[in-house]
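Student: Provided herewith is a single structure, encoded as C-alpha cells, for subsequent inquiry.
The values are calculated or read from the model by the stated rules, or taken from the named source; none is laboratory data. Predicted, not measured: the structure shown is a model, and the values here were computed from it. As a convention, Cβ positions derive from the backbone with ideal geometry for all residues, glycine included, and neighbour counts pool all protein chains shown.
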C-alpha cells in the first residue's frame, strides 16, 4: 500500500497572462493609452511565467546585504543583491516603469506606465520602490532646470546599470527620497539635518535619516534645514569626480515585508548636495515627489488585491472538499465574489486616477482639480482595504495559505505597507481636509465626477449624506476617516455604474452603499450574480 500519493492539490498559478484583466485593458482604451495594449499584454505574459515568478520569490527570500567596508577596511557603503533583484529591476526599467513617461510626449504615456506598474507589481513589490521613487523624482527635480537638464535623461533612460559610479558616467540612474527622521516622522518641519552653503554654490549636509528606502539609488532627494527653513537637495552617492560622497549607510531595516527593498538608516557626514528649488521651499518641492508615489501606493494596493483574488480563485478551481470543487460551493463563491468586487472597484479607480494624472500633466486644470482630492481619498481607502483583502484571500487556501511556499504570506506581509508609505492613514485623511479647505473647487470637481452616474438613487443619497457631514466644520477632523470612506465608496460606485460590469456595480452598491452585507467578506446577498463576477477573476491557464 502506498502511503504517499499526491492528489487534490492545485498546481501553482503559472503560465497565465497577468494582464488578462478586463478592467485594466478597458481602462487603457478609455483613458487614452490603447496604443500600449500589446506592450501591457506582453509584460503580463512575462510576469506570469515560472521563471519570472521565481525571480520574485528569490529576491524576497534573499534580502539585500549591507557592505559598509571592503575586504581591506575601506568604507564603501554598498549593498549586495541576489541576481533576481537585478533581473526584476532591468525588466522594469526596460519597460519604462521608472521615469520614461516624462520623456514620452504621447497622450496616455502615464496611463500606460500605470498599467505596466500594476502588472509587474504582481511579481514582487519590493523592487518597485526605487522604480516608483525614480518616476516621482523628476517633477521635483524640475524645480531647478539646470539639475533637470543634467539628470532627467538618465533617470528616464530605459537602461538599468547598478553599481557605485559617477552619475554622468552611467547609462541610467535611479533616485530615492530621504526625509524621515527619528523625532519627526511625517512631521518633516521638525527635521534637524542641517545644510550649509559653500562658496561654489553647493551645500554641506550633516544629519541622520531614520528611514530612507531604496538606499542603493544613485541620487537622493534629501531634506535639510537652512537659515530659510526646510530645503530640498540633490545628493549623489558618488560625486561627479568619481569619489564617494560622505553618505554612511548605518544599517538596513528589518521590515515586516517589502524585504527585497533596502530601507536603511543613513548619516550625512558633510555630504555634498545641490539645492533643488528655493531655500525654505523644500516641503512644496518634495510634495511633488510624494504625490507621484501616492498614486503608485494605490496602484500597488490594487495590484495586490488582484493577485490575491486570482490566486484564491485559481486554488478554489482545482481543490475539492466534501465531494465538490471549492469554487462550486455556494459559500466559497460568496467569499470569492466579495473579494472580486473589492478588487475590481480598486482597479477601476486606479485607472481613472491614472488618466486624470496623465491629462493634468498636460495642462488639464479640471482634471488636476479632480485628481487633487480624489487621489488623496483613493490612496487612503484602497490601501486601508488591502490588508483585510489579503488576509481573506490567504484564508481561501486553508492551512496551505499559511505556508510560505504558497507565496500568500508574502502578499499578506506586504499589504499594510502602502497604507503607511507616503503618510499613514491619519496623515492621508488630514491631507484630504487640507485640500478641501485650501482649494474648495476640488470638492466640487470631485462631486461633479461622482454625479456623472446620473440619478442612481443610492449614489445621490450618499452624496447628500457626505455634504451634510462636510458642513459640520467643528467635527471635521474627528469625522475625517468616516467621511473619506464614504467619498471613496461613492466614487467607486459611480465609476462602476458608468464603466464597470453591471453585476459588479449592482453588488457593490447593494453591499457597500446600501449595507446589504455583514461585517466580513463572504456575506453578500443571494441576489448577486456570482457566476458573472467570478468569471472576471478566474485566471485562464
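Student: If you go through segment 262-278, how many residues are more than 14 Å from residue 198 (Cβ to Cβ), in contact with a helix residue (DSSP H, G or I) (Cβ under 7 Å, 6 or more places away or on another chain) and in a strand (DSSP E or B)?
Tutor: So the count comes out to 1.
Student: Next question. Residue 258 passes all but one of (1) in a loop (DSSP other than H, G, I, E, B); (2) under 24 Å from residue 425 (Cα atoms); (3) free of Cβ contacts under 8 Å to residues at least 60 places away in the same chain; which number fails?
Tutor: (3)
Student: Could I ask something else about it? All but one of (1) farther than 13 Å from residue 122 by Cα; (2) under 20 Å from the mean Cα position of the chain (by Cα); (3) part of a loop (DSSP other than H, G, I, E, B) hold for residue 19, so report the exception by its number.
Tutor: Going through (1) farther than 13 Å from residue 122 by Cα; (2) under 20 Å from the mean Cα position of the chain (by Cα); (3) part of a loop (DSSP other than H, G, I, E, B) one by one, residue 19 breaks only (1).
Student: Taking the condition in a loop (DSSP other than H, G, I, E, B), in contact with a helix residue (DSSP H, G or I) (Cβ under 8 Å, 6 or more places away or on another chain) and surrounded by fewer than 20 Cβ atoms within 10 Å (Cβ to Cβ), does residue 200 pass? Steps first, please.
Tutor: On the way: in a loop (DSSP other than H, G, I, E, B): yes; in contact with a helix residue (DSSP H, G or I) (Cβ under 8 Å, 6 or more places away or on another chain): no; surrounded by fewer than 20 Cβ atoms within 10 Å (Cβ to Cβ): yes.
So residue 200 fails the test.
Student: Then there's this: Given the residues 141, 164, 173, 147, which is the only one that is out of contact with any helix residue (DSSP H, G or I) (no Cβ under 7 Å at 6 or more places or on another chain) and in contact (Cβ under 8 Å) with a residue 24 or more places away in the chain?
Tutor: Details: 141 fails: out of contact with any helix residue (DSSP H, G or I) (no Cβ under 7 Å at 6 or more places or on another chain); 173 fails: out of contact with any helix residue (DSSP H, G or I) (no Cβ under 7 Å at 6 or more places or on another chain); 147 fails: out of contact with any helix residue (DSSP H, G or I) (no Cβ under 7 Å at 6 or more places or on another chain).
One residue alone meets the criteria, 164.
Student: Of 332, 350, 289, which residue is buried (at least 18 other Cβ atoms within 10 Å of the Cβ), in contact with a strand residue (DSSP E or B) (Cβ under 6 Å, 6 or more places away or on another chain), touching a residue at least 24 places away in the same chain (Cβ under 8 Å) and part of a helix (DSSP H, G or I)? Step through it out loud before you land on a result.
Tutor: Details: 332 fails: in contact with a strand residue (DSSP E or B) (Cβ under 6 Å, 6 or more places away or on another chain); 350 fails: in contact with a strand residue (DSSP E or B) (Cβ under 6 Å, 6 or more places away or on another chain).
Testing whether each residue is buried (at least 18 other Cβ atoms within 10 Å of the Cβ), in contact with a strand residue (DSSP E or B) (Cβ under 6 Å, 6 or more places away or on another chain), touching a residue at least 24 places away in the same chain (Cβ under 8 Å) and part of a helix (DSSP H, G or I) leaves just 289.
Student: For the condition under 23 Å from residue 292 (Cα atoms) and in contact (Cβ under 8 Å) with a residue 40 or more places away in the chain, what is the one hit in 18, 93? I'd like the intermediate steps shown before the answer.
Tutor: Values: 18 fails: under 23 Å from residue 292 (Cα atoms).
Within the list 18, 93, the selection yields 93.
Student: Still on this structure: For segment 508-522, give me each residue that is over 24 Å from residue 425 (Cβ atoms), over 28 Å from the mean Cα position of the chain (by Cα) and in contact (Cβ under 8 Å) with a residue 12 or more places away in the chain. First the steps, then the outcome.
Tutor: Going through segment 508-522, the residues over 24 Å from residue 425 (Cβ atoms) turn out to be 509-510, 514, 516, 522.
Next, from what is left, pick out any that are over 28 Å from the mean Cα position of the chain (by Cα): 510, 514, 516.
Residues satisfying the conditions are 510, 514.
Each row is one residue, and each column tells you yes or no for (1) more than 30 Å from residue 333 (Cβ to Cβ); (2) assigned to a helix (DSSP H, G or I); (3) under 27 Å from the mean Cα position of the chain (by Cα); (4) modelled with pLDDT under 95.
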{"position": "463", "(1), (2), (3), (4)": "yes, yes, no, no"}
{"position": "467", "(1), (2), (3), (4)": "yes, yes, no, yes"}
{"position": "477", "(1), (2), (3), (4)": "yes, no, yes, yes"}
{"position": "489", "(1), (2), (3), (4)": "no, yes, yes, no"}
{"position": "493", "(1), (2), (3), (4)": "no, yes, yes, no"}
{"position": "497", "(1), (2), (3), (4)": "no, yes, yes, no"}
{"position": "506", "(1), (2), (3), (4)": "no, yes, no, no"}
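Student: Let me ask another. Checking the conditions here, which among 306, 359 is over 30 Å from residue 525 (Cβ atoms) and at pLDDT 95 or above? Can you show your working first?
Tutor: Details: 306 fails: over 30 Å from residue 525 (Cβ atoms).
After applying the criteria, what remains is 359.
Student: While we're looking at this one, here's another question. Is it the case that segment 235-242 has a residue that's outside any strand (DSSP E or B), buried (at least 17 other Cβ atoms within 10 Å of the Cβ) and out of contact with any helix residue (DSSP H, G or I) (no Cβ under 9 Å at 6 or more places or on another chain)?
Tutor: no
Student: Considering only segment 36-56, state which residues are buried (at least 18 other Cβ atoms within 10 Å of the Cβ) and over 26 Å from residue 100 (Cβ atoms).
Tutor: Passing the criteria: none in range.
Student: Still on this structure, I have one more. Just need a number here: residues in segment 295-329 that are free of Cβ contacts under 8 Å to residues at least 24 places away in the same chain and in a strand (DSSP E or B). It would help to see each step written out before you state the result.
Tutor: Let us first name the residues in segment 295-329 that are free of Cβ contacts under 8 Å to residues at least 24 places away in the same chain, namely 321-325, 328-329.
When the remaining residues are screened for being in a strand (DSSP E or B), the result is 321, 324-325.
Residues that pass the stated criteria total 3.
Student: Answer yes if at least one residue in segment 176-191 is assigned to a strand (DSSP E or B), closer than 23 Å to residue 244 by Cα and either in contact with a helix residue (DSSP H, G or I) (Cβ under 7 Å, 6 or more places away or on another chain) or without any contact (Cβ under 8 Å) to a residue 24 or more places away in the chain (or both), and no otherwise. Steps first, answer last, please.
Tutor: The first filter runs over segment 176-191 and keeps only residues assigned to a strand (DSSP E or B), leaving 176-178, 180.
Imposing the further condition that a residue be closer than 23 Å to residue 244 by Cα reduces the set to 176-178, 180.
So of that shortlist, the ones also either in contact with a helix residue (DSSP H, G or I) (Cβ under 7 Å, 6 or more places away or on another chain) or without any contact (Cβ under 8 Å) to a residue 24 or more places away in the chain (or both) come out as 176-177.
Checked against the condition, which is being assigned to a strand (DSSP E or B), closer than 23 Å to residue 244 by Cα and either in contact with a helix residue (DSSP H, G or I) (Cβ under 7 Å, 6 or more places away or on another chain) or without any contact (Cβ under 8 Å) to a residue 24 or more places away in the chain (or both), segment 176-191 yields at least one hit.
Student: Oh, and also: If a residue counts only when it is in contact (Cβ under 8 Å) with a residue 40 or more places away in the chain and over 22 Å from residue 290 (Cα atoms), which helices (runs of 4 or more DSSP H) contained entirely in segment 361-442 have at least 3 such residues? Outline the logic, then answer.
Tutor: Numbers: elements: 365-395, 408-414, 417-420, 425-438.
The qualifying helices (runs of 4 or more DSSP H) are 365-395, 408-414.
Student: Here is a follow-up. Buried (at least 17 other Cβ atoms within 10 Å of the Cβ) and either touching a residue at least 12 places away in the same chain (Cβ under 8 Å) or within 26 Å of residue 99 (Cα to Cα) (or both): does that describe residue 228?
Tutor: On the way: buried (at least 17 other Cβ atoms within 10 Å of the Cβ): no; either touching a residue at least 12 places away in the same chain (Cβ under 8 Å) or within 26 Å of residue 99 (Cα to Cα) (or both): yes.
Judged against the criteria, residue 228 is not a match.
Student: Then there is this: Out of segment 437-449, which residues are closer than 15 Å to residue 483 by Cα and surrounded by fewer than 21 Cβ atoms within 10 Å (Cβ to Cβ)?
Tutor: First pass over segment 437-449, keeping only residues closer than 15 Å to residue 483 by Cα: 437, 443, 446-447.
437, 443, 447, listed by residue number.
Student: Let me ask something additional. Does residue 40 satisfy being under 16 Å from residue 347 (Cα atoms) and outside any helix (DSSP H, G or I)? Spell out how you get there, then give the answer.
Tutor: Numbers: under 16 Å from residue 347 (Cα atoms): yes; outside any helix (DSSP H, G or I): no.
So residue 40 does not fit the description; no.
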